[in-house]
Amino acid sequence: MTNDPNHSPAPGPSLDDLRREIDAIDDSLHDLIMRRTAVVERVRGIKGDGVRLRPGREATILRRLIARHEGGFPRAVLLRIWREILGATVRLQGPFSLAVHGGADDDRRDCRRLARDEYGALTPSTVYSTVGQVFRAVYDGTTSVGVLPLPREDDAEPWWPFLAGTDARTPRIVARLPFGGPAGPGGGAAEALAIARLDHAPSGDDRSYVIMETAEAVSRGGLKDELAGVGLESLFLTSWRDGPEDGAWLHLVEVAGFVAPDDPRLDPLHGAEGGARRRAFAVGGYAVPIDAADLREMPAGAAPRPPQPVPAAPATDRRS
């Protein structure tokens, strides 16, 4: 510092200087996007044919980016940008399309908006009026992913019993939408599940769905106790009777953690008890969405929220 009255501070950057800096940053971002695309195309050569969607992998990417983010740029917008990038790169690897339930009866079942926000605005999609048509499109392989309403206890004609099929083509639940949490970037309380002919892959923080079939009606408390007895914590349970009065009962249970199709915890739930036929099998699951609090914008002058730890994805054969 000088006390010379004739001294004047060096001028700061002009508006034109700052604009040129922004242009240079834009070029760098564009270069990185093109570089990322080139790597994705190399991945395509290694993977070969088949559905390239990897919801567990995408979840770990998005959680990591949100956890490391700082500054004034909104986290929700960052998530929106990466959802478009991920959707575009999946399409680059091969045909990718959506079958979407369009028979929304209230805001909570707005699958069309959720599908667009999750898989990208330019991803081809077909809207179907019934849940059966969506399931069939995925089962037949005419579309890659189906987006269906989140199951509720008061569903008169639920779609989830279709998952009880044992055919190798039977779709499984692979994601919960939106990934930004129930009050995520799109706002509102709409939620849905995505199904695909894929195995549910672990992300490090997951929920799974199990269908239990019983020949007779059983109490919810009894089912939850059975699951707890093998180490599975029930988070949601709904039941449906297949056909007439002598039809089997199906019970959809959402449980904490990752449950693979061959999970040994399911073994004790098979067989007969008191002469009643029983079986239980995993039908997929989802990576737990990012909490809305992690996407909330910081008020001016507020201290940034400390980065939250991101659990590492377990090995394929690990049970959580």
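The values are calculated or read from the model by the stated rules, or taken from the named source; none is laboratory data. The shown structure was predicted, so the numbers you read here are calculated from the model rather than taken from an experiment. Glycine also receives a Cβ, built like all others from the backbone with ideal geometry; neighbour counts cover every protein chain displayed. To get the accessible areas, we keep the full protein, side chains included, count just its heavy atoms, and leave off ligands, DNA and RNA. Shrake-Rupley method; radii C 1.70, N 1.55, O 1.52, S 1.80 Å.
Take the residues in region 189-200 that are more than 8 Å from Val174 (Cα to Cα) and either open to solvent by 30 Å² or more (accessible area, probe 1.4 Å) or of a type in the set (D, E, K, R) (or both), then tell me which one is modelled with the highest pLDDT. Per the stated criteria, the residue is Arg197. Of all residues in region 122-144, those satisfying the criterion of being of a type in the set (A, V, I, L, M, F, W, C) and surrounded by fewer than 20 Cβ atoms within 10 Å (Cβ to Cβ) are Leu122, Val127. State which residue is modelled with the highest pLDDT when the search covers only region 234-250 and only residues that are touching a helix residue (DSSP H, G or I) at 6+ places or on another chain (Cβ under 9 Å) and open to solvent by 60 Å² or more (accessible area, probe 1.4 Å). Per the stated criteria, the residue is Trp240.
Being modelled with pLDDT under 90 and of a type in the set (Lys, Arg): is that true of Arg63 here?
Considered against the rule, which asks whether it is modelled with pLDDT under 90 and of a type in the set (Lys, Arg), Arg63 comes out as no.
Against the condition without any contact (Cβ under 8 Å) to a residue 12 or more places away in the chain and either assigned to a loop (DSSP other than H, G, I, E, B) or open to solvent by 10 Å² or more (accessible area, probe 1.4 Å) (or both), how does Asp117 come out, does it pass?
no
Keeping to region 70-84, report how many residues are open to solvent by 40 Å² or more (accessible area, probe 1.4 Å), assigned to a helix (DSSP H, G or I) and in contact with a Pro (Cβ under 8 Å, 6 or more places away or on another chain). Within region 70-84, residues that are open to solvent by 40 Å² or more (accessible area, probe 1.4 Å), assigned to a helix (DSSP H, G or I) and in contact with a Pro (Cβ under 8 Å, 6 or more places away or on another chain) number 2. Taking (1) within 16 Å of the chain's Cα centre (by Cα); (2) assigned to a helix (DSSP H, G or I) in turn, Leu53 satisfies each apart from (2). Candidates in region 251-268 are the residues that are assigned to a strand (DSSP E or B) and open to solvent by 10 Å² or more (accessible area, probe 1.4 Å); of these, the one that is nearest to Ile211 (Cα to Cα) is Glu254. Look at region 211-227: where a residue is closer than 22 Å to Phe162 by Cα and a partner is open to solvent by 70 Å² or more (accessible area, probe 1.4 Å), sitting 6+ places away or on another chain with Cβ atoms under 6 Å, you get Glu213/Arg279; Ala215/Arg277.
In this entry, Gly231 passes the filter for residues that are in contact with a Lys or Arg (Cβ under 6 Å, 6 or more places away or on another chain), surrounded by fewer than 22 Cβ atoms within 10 Å (Cβ to Cβ) and at pLDDT 90 or above. Arg207: under 22 Å from Ala76 (Cα atoms), modelled with pLDDT of 90 or more and open to solvent by 20 Å² or more (accessible area, probe 1.4 Å), yes or no? No; evaluated as a whole, the condition is false for this residue. Restricting attention to region 273-287 and to residues that are within 36 Å of the chain's Cα centre (by Cα) and either at pLDDT 95 or above or outside any strand (DSSP E or B) (or both), the residue that is nearest to Leu227 (Cα to Cα) turns out to be Ala282.
Each row is one residue, and each column tells you yes or no for (1) within 16 Å of the chain's Cα centre (by Cα); (2) of a type outside the set (Gly, Ala, Ser); (3) more than 16 Å from Arg83 (Cβ to Cβ).
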{"position": "Leu114", "(1), (2), (3)": "yes, yes, no"}
{"position": "Thr142", "(1), (2), (3)": "no, yes, yes"}
{"position": "Val145", "(1), (2), (3)": "yes, yes, no"}
{"position": "Arg152", "(1), (2), (3)": "no, yes, yes"}
{"position": "Trp159", "(1), (2), (3)": "no, yes, yes"}
{"position": "Ala164", "(1), (2), (3)": "no, no, yes"}
{"position": "Val174", "(1), (2), (3)": "yes, yes, no"}
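To keep it simple, each residue is scored yes or no on (1) part of a loop (DSSP other than H, G, I, E, B); (2) over 26 Å from Ser203 (Cα atoms); (3) aliphatic (A, V, I, L, M).
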{"site": "Ala67", "(1), (2), (3)": "no, no, yes"}
{"site": "Leu86", "(1), (2), (3)": "no, no, yes"}
{"site": "Pro95", "(1), (2), (3)": "yes, no, no"}
{"site": "Arg112", "(1), (2), (3)": "no, no, no"}
{"site": "Thr126", "(1), (2), (3)": "no, yes, no"}
{"site": "Glu153", "(1), (2), (3)": "yes, yes, no"}
